[in-house]
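*Asks:* Quick one: the structure is below, and I'll ask about it shortly.
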Amino acid sequence: MIEARNLSVDLSSRRVVSGISLGLVPGTITGVLGPNGAGKSTLMRALAGQIASTGSIAVDGRELASLSFAERARLVAHLPQARIISWPLTVRDLVGLGRMPWQGVSRAFSNGDRALCTEAMEMMDVAGLAERPATELSGGEQARVLAARAIAQDTPVLLADEPASGLDPAHQMTMMAGLRKLAAKGRTLLVSLHDLTLAARWCDRILLMKEGRLVAEGAPADVLTAERLGEVFGILAHIDHDAGGMILAPVALAGGTAHREARP
Amino acid sequence: MTPLRLNLALAALTAVLFVLSLLIGPAHLGPVASIRALVAGGDEATRIIMREIRLPRALLGLMVGASLGLSGAVLQGFLRNPLAEPGIVGVSAMASLGAVIMFYSGLAGASLYALPAGALAGAFLAVIVLLAIAARHGSTLTLILSGVALSSLAAALTSLALNLSPNPFASYEIIFWLLGSLKDRSMTHVAIALPLIAAGGALLATTGRALDAFSLGEEGAESLGIDRRRTRLFVIVGTALAVGAGTAVTGAISFVGLVVPHMLRPLTNRMPSSLLLPSAMGGAALLLAADIVARTAVRAGELNVGVVTALIGAPFFLWLIVRSRREIF
């Protein structure tokens with residue numbers, strides 16, 4: 001459970017997140033959508049306690065600001081958008097870093113730690129890469145390895161910043177299915193996404209952001225309407241439904257043309 | 001190689017080189033007589049050679065080499081940059097400048113303590129500037145750039161001191177000191193440097209956990225519960241103490257901090273923390289070996305150990321780059 005009240009963030013004296021209040025419920029995935037620069041990543045970094053913000057943030061009823069760095073890392077895991085792997089660590093060692101907040105000075109791995117890492121690697125379909133140097137993997141594989149690291153952290157709250165970007169379609173689904181499994185275990189998830197269909201079908205709730213503000217919030221079908229997508233993204237979207245939920249395809253810029261032959 | 005085996009091998013290598021360093025010198029003392037004089041005393045000349053000339057030299061090689069290797073490994077991990085070395089944060093250059101000012105002003109001749117004091121003052125000035133800049137702009141890149149700027153400024157001011165130096169002898173002294181040497185150091189030098197190197201080394205040694213987390217970038221490290229500011233403080237102050245104190249008594253010794261972590265990284269699991277102890281011992285071994293070469297390579301006189309480390313280090317580094325073909329990890 002994570003709650004924010006009237007959260008604002010200024011970066012270089014520019015307001016990037018503006019008066020956002022939200023309450024994320026355990027057992028659900030909340031998707032954050034919005035155009036580039038809408039403040040999605042900044043919102044997540046503020047919720048992870050990594051940048052200064054005004055307003056209040058509470059995790060499981062405890063004020064985030066009152067917690068030590070280590071305590072925070074045992075409550076909230078943050079998967080940054082920037083995918084940085086600095087040394088050719090094996091996938092197993094890299095995922096093992098996720099256990100750091102729970103380990104003592106000796107950093108010894110218990111059987112429980114190992115089991116959580118294996119589970120996280122299986123969830124992200126990277127168990128077969130366990131002994132490979134992470135720097136030699138493809139971009140999409142690295143993304144899944146880094147997600148496995150955040151999952152192995154085993155926190156009540158997981159903030160994942162564009163975890164599905166750059167993944168092939170099958171692994172986008174693997175990613176979302178993995179996050180759903182975590183939700184089923186009672187975790188609270190906040191996930192930023194750019195794929196509208198993926199968001200509509202896998203998230204329980206959607207937060208729609210524009211220019212640092214929350215412009216809509218609610219169930220996917222209520223938030224992701226044609227008018228709103230036009231307003232927020234400036235696109236014309238084709239919206240359809242099947243048994244699994246909504247299908248949303250951006251087909252043109254609002255007021256523009258719909259196919260490549262018509263390009264100037 | 002398992003971590004234990006690597007550490008044991010390096011400890012053995014360092015111990016052998018330390019003893020070898022004690023046994024080598026122009027006095028041609030036998031190994032048994034040398035060790036006996038060191039431990040038990042014996043005839044006065046041998047005792048003085050062993051206890052007051054060779055022992056401080058070997059100890060300084062050990063301490064300064066270890067501090068360079070350790071701080072190199074820490075800085076590479078912290079800055080996530082395989083080209084980082086103690087020189088990059090500007091501490092070595094500022095320490096050198098501090099010492100050069102002591103030469104230039106003539107104070108170096110007046111007191112044994114003037115030179116180390118000047119170098120330490122330079123190192124700490126560098127730290128204060130770096131921390132002040134880091135407090136305003138938190139990024140690691142800012143730290144590197146500030147270090148580079150500080151190094152350039154210190155180098156320019158050092159050149160200025162050479163330009164304006166009152167007599168050629170003073171210039172010669174400055175240049176010679178800048179090349180780095182373990183020659184003619186006393187136990188007083190050891191006593192000055194040891195507590196500072198120990199304190200700096202202890203600070204640096206505590207950063208292992210944070211450095212591992214920094215493998216995932218600054219945001220990644222923070223998400224693992226690492227306090228970025230505290231880590232930065234420990235890295236900067238630890239480097240300044242360890243490298244500043246080393247530079248204060250031996251002059252600037254290049255390449256050890258850069259090369260040693262590179263040589264040893266492939267023998268570890270690449271976690272920055274598992275490189276710290278091996279790099280400290282590797283640095284000590286390399287500097288002791290280089291100092292033995294410096295003493296024995298030329299029949300007449302002696303080379304500067306900084307020249308030897310650069311002569312061994314630079315080609316070796318090139319060879320590493322060519323051999324690894326991929327990125328230099």
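The values are calculated or read from the model by the stated rules, or taken from the named source; none is laboratory data. Note that this is a predicted model, so its numbers are computed, not measured. Cβ placement follows ideal geometry from the backbone for every residue including glycine, while neighbour counts extend to all protein chains displayed.
*Asks:* Give me a count of the residues in segment A:88-130 that are under 16 Å from residue B:216 (Cβ atoms), in contact with a Ser or Thr (Cβ under 6 Å, 6 or more places away or on another chain) and more than 8 Å from every other protein chain (Cβ to nearest Cβ).
*Replies:* 0
Matching residues to (1) at pLDDT 85 or above; (2) farther than 24 Å from residue B:293 by Cα; (3) more than 23 Å from the chain's Cα centre (by Cα); (4) not in a helix (DSSP H, G or I):
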{"residue": "B:11", "(1), (2), (3), (4)": "yes, no, no, no"}
{"residue": "B:19", "(1), (2), (3), (4)": "yes, no, no, no"}
{"residue": "B:34", "(1), (2), (3), (4)": "no, no, yes, no"}
{"residue": "B:73", "(1), (2), (3), (4)": "yes, yes, no, no"}
{"residue": "B:77", "(1), (2), (3), (4)": "yes, yes, no, no"}
{"residue": "B:88", "(1), (2), (3), (4)": "no, yes, no, no"}
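*Asks:* Hey, another quick one. Any residue in segment B:227-235 that is away from every other protein chain (no Cβ under 12 Å) and either buried (at least 24 other Cβ atoms within 10 Å of the Cβ) or within 15 Å of the chain's Cα centre (by Cα) (or both)?
*Replies:* Yes, some residue in segment B:227-235 is away from every other protein chain (no Cβ under 12 Å) and either buried (at least 24 other Cβ atoms within 10 Å of the Cβ) or within 15 Å of the chain's Cα centre (by Cα) (or both).
*Asks:* What's the number of the only condition in (1) without any contact (Cβ under 8 Å) to a residue 12 or more places away in the chain; (2) surrounded by fewer than 24 Cβ atoms within 10 Å (Cβ to Cβ) that residue B:224 fails to meet?
*Replies:* (2)
*Asks:* Can I ask one more? Name the one entry in A:135, A:174, A:155, A:197 that is among the β-branched types (Val, Ile, Thr) and not in a helix (DSSP H, G or I).
*Replies:* The match here is A:155.
*Asks:* Do you know which of the residues in segment A:88-115 that are part of a loop (DSSP other than H, G, I, E, B) and not hydrophobic (A, V, I, L, M, F, W, C) is surrounded by the most Cβ atoms within 10 Å (Cβ to Cβ)?
*Replies:* In this case the residue turns out to be A:88.
*Asks:* Still on this structure, I have one more. From the list A:143, A:148, A:164, which one is part of a loop (DSSP other than H, G, I, E, B) and within 20 Å of residue A:81 (Cβ to Cβ)?
*Replies:* One residue alone meets the criteria, A:164.
*Asks:* Now for a separate question. For segment B:195-221, which residues satisfy the criterion of being over 18 Å from residue B:277 (Cβ atoms), more than 10 Å from chain A (Cβ to nearest Cβ) and crowded, with 22+ Cβ neighbours inside 10 Å?
*Replies:* Matches in segment B:195-221: B:196 only.
*Asks:* Also: Just give me the residues in segment A:32-71 being touching a Lys or Arg at 6+ places or on another chain (Cβ under 7 Å), part of a strand (DSSP E or B) and closer than 28 Å to residue A:202 by Cα, in sequence order.
*Replies:* A:32
*Asks:* Identify the residue in segment A:162-187 that is out of contact with any helix residue (DSSP H, G or I) (no Cβ under 7 Å at 6 or more places or on another chain) and under 18 Å from residue A:121 (Cβ atoms) and, among all such residues, is surrounded by the most Cβ atoms within 10 Å (Cβ to Cβ).
*Replies:* A:179
*Asks:* For residue A:205, are the conditions met, namely being touching a residue at least 40 places away in the same chain (Cβ under 8 Å) and either within 17 Å of residue A:98 (Cβ to Cβ) or under 14 Å from the mean Cα position of the chain (by Cα) (or both)?
*Replies:* yes
*Asks:* Please name all residue pairs, on different chains or six or more residues apart, with Cβ atoms under 7 Å, provided the first residue is in segment A:32-56 and is under 21 Å from residue B:217 (Cα atoms) and more than 14 Å from every other protein chain (Cβ to nearest Cβ) and the second residue is modelled with pLDDT of 95 or more and surrounded by fewer than 20 Cβ atoms within 10 Å (Cβ to Cβ).
*Replies:* Correct list of pairs: empty, since none qualify.
*Asks:* In segment B:63-87, which residue that is of a type in the set (A, V, I, L, M, F, W, C) and surrounded by fewer than 24 Cβ atoms within 10 Å (Cβ to Cβ) is nearest to the other protein chains (Cβ to nearest Cβ)?
*Replies:* The residue in question is B:79.
*Asks:* Considering only residues of segment A:72-87 that are facing chain B (nearest Cβ under 8 Å) and part of a loop (DSSP other than H, G, I, E, B), which is nearest to the chain's Cα centre (by Cα)?
*Replies:* A:80
*Asks:* Okay, moving on. Which count do you get for residues in segment B:243-258 that are out of contact with any Pro (no Cβ under 8 Å at 6 or more places or on another chain) and either part of a helix (DSSP H, G or I) or within 14 Å of chain A (Cβ to nearest Cβ) (or both)?
*Replies:* Total meeting the criteria: 6.
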